[in-house]
Amino acid sequence: MRRLSYDKKDLGYSFALTTLVMVVAALVLQFFIGAAASGWKFWLMQALYTLLIGSSAFLYAAISKTNVFVATRLDRHPILSHVLWGCGAAVFLVLCMSQINNLFLDLIESLGLKRPSVELDNNFAGLIICACILPAFAEEIVFRGTLAQSLYNHKSKVAALAISGALFSLFHANPAQTLHQFVLGVFLTLLVFRSGSLWTSIIVHFFSNAFVVLLAYTPLGDDEFWNLQTNVFALPLMIIGIAGFVVCVLFYVLTTKSNWQKPVVDTVDTPAESDGDAEVTSDEEPIEAESATANRKLSNTPLWVGIFVCAVLWIAQLLE
């Protein structure tokens with residue numbers, strides 16, 4: 001029988017597997033296509049890389065014998081009100097984070113380090129496919145479908161959102177996107193947990209990325225536009241972005257029904273207990289407690305390994 005949900009033990013193993021797939025995919029694609037690929041080869045490499053990242057969710061589901069469509073909430077339809085509030089909030093988030101992120105990059109540059117950036121070929125079709133459509137599905141099924149769902153029953157909702165956003169941000173290993181992706185990751189997790197459907201975050205993720213791509217073809221897409229010292233519009237737009245995002249999130253929470261109420265219980269059949277089960281003696285209890293502690297430590301180890309690898313890559317990008 002296959003499981004129908006993920007639990008906290010799946011967090012570390014699934015993140016470690018995704019990190020492993022990411023590293024292997026990057027090395028293999030760079031070997032066969034080339035790290036300095038351009039034109040159609042560049043976009044092919046981006047597409048294959050994103051698809052391989054997404055495949056880790058299906059690979060982990062197969063390894064853990066889990067129904068991937070049920071466990072990731074792909075089997076549930078999105079709710080229009082959740083999608084609309086999510087898209088509205090995403091617009092204001094881009095406006096405010098563009099300035100905040102620019103200040104963060106200024107700080108990095110002031111430390112004598114190279115200013116981080118996101119380098120993509122200026123090809124509209126390639127950007128829509130490889131920066132909007134594919135990541136919206138591949139990243140969501142991994143980060144909100146597998147990783148976040150393992151945190152669904154976490155005793156602290158705030159911690160569950162923060163952990164999900166932090167892993168999403170750290171995984172990309174790009175200081176130029178760190179702050180924006182953390183906040184976006186937290187918000188997308190909130191959307192999935194409240195709406196009960198992964199399609200909600202998939203749609204909003206696509207809309208958010210598409211909005212950024214469209215802005216790149218306007219003056220708003222230039223980092224210099226958000227320079228407080230040279231542009232009088234930078235500060236007002238940042239304030240509007242922050243206020244708009246806060247209002248959208250607030251009204252979203254107040255006007256929509258949340259499905260994030262009852263714990264998800266795995267309904268996979270378990271062997272029936274025999275009538276002749278012996279009572280557990282006091283001598284056996286310490287052994288069981290010790291075993292539980294060992295299993296908990298074991299389940300946390302892959303998570304910290306994945307975090308360490310991503311942190312090293314993040315620092316490498318910063319020092320490049």
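Pairs are defined by a Cβ separation below 7 Å, a sequence spacing of at least 6 or placement on different chains, a first member in segment 183-199 that is of a type in the set (D, E, K, R), and a second member that is open to solvent by 10 Å² or more (accessible area, probe 1.4 Å); the pairs so defined are 194/256; 194/258; 194/259; 194/260.
Restricting attention to segment 158-180 and to residues that are open to solvent by 20 Å² or more (accessible area, probe 1.4 Å) and touching a Phe, Trp or Tyr at 6+ places or on another chain (Cβ under 7 Å), the residue that is nearest to residue 107 (Cα to Cα) turns out to be 179. Selection over segment 101-128 of residues that are at pLDDT below 85 and among the acidic types (Asp, Glu) gives a count of 2. Across segment 1-56, the qualifying residues are those that are open to solvent by 80 Å² or more (accessible area, probe 1.4 Å) and under 19 Å from the mean Cα position of the chain (by Cα), and the one among them that is farthest from residue 308 (Cα to Cα) is 51. Tallying residues that are part of a loop (DSSP other than H, G, I, E, B) and surrounded by 15 or more Cβ atoms within 10 Å (Cβ to Cβ) within segment 96-122 yields 2. Every condition in (1) touching a residue at least 40 places away in the same chain (Cβ under 8 Å); (2) under 22 Å from the mean Cα position of the chain (by Cα); (3) surrounded by 16 or more Cβ atoms within 10 Å (Cβ to Cβ) holds for residue 234 except the one numbered (2). Would you be able to say whether some residue in segment 7-24 is free of Cβ contacts under 8 Å to residues at least 24 places away in the same chain, assigned to a helix (DSSP H, G or I) and touching a helix residue (DSSP H, G or I) at 6+ places or on another chain (Cβ under 7 Å)? Among the residues of segment 7-24, not one is free of Cβ contacts under 8 Å to residues at least 24 places away in the same chain, assigned to a helix (DSSP H, G or I) and touching a helix residue (DSSP H, G or I) at 6+ places or on another chain (Cβ under 7 Å), which makes the answer no.
The values are calculated or read from the model by the stated rules, or taken from the named source; none is laboratory data. Just so we're clear, the structure is a prediction, and the values are computed from it rather than from any experiment. Here Cβ is always computed from backbone atoms with ideal geometry, including for glycine, and neighbour counts include all displayed protein chains. SASA here: full protein model, heavy atoms, side chains in, ligands and nucleic acids out. Shrake-Rupley method; radii C 1.70, N 1.55, O 1.52, S 1.80 Å.
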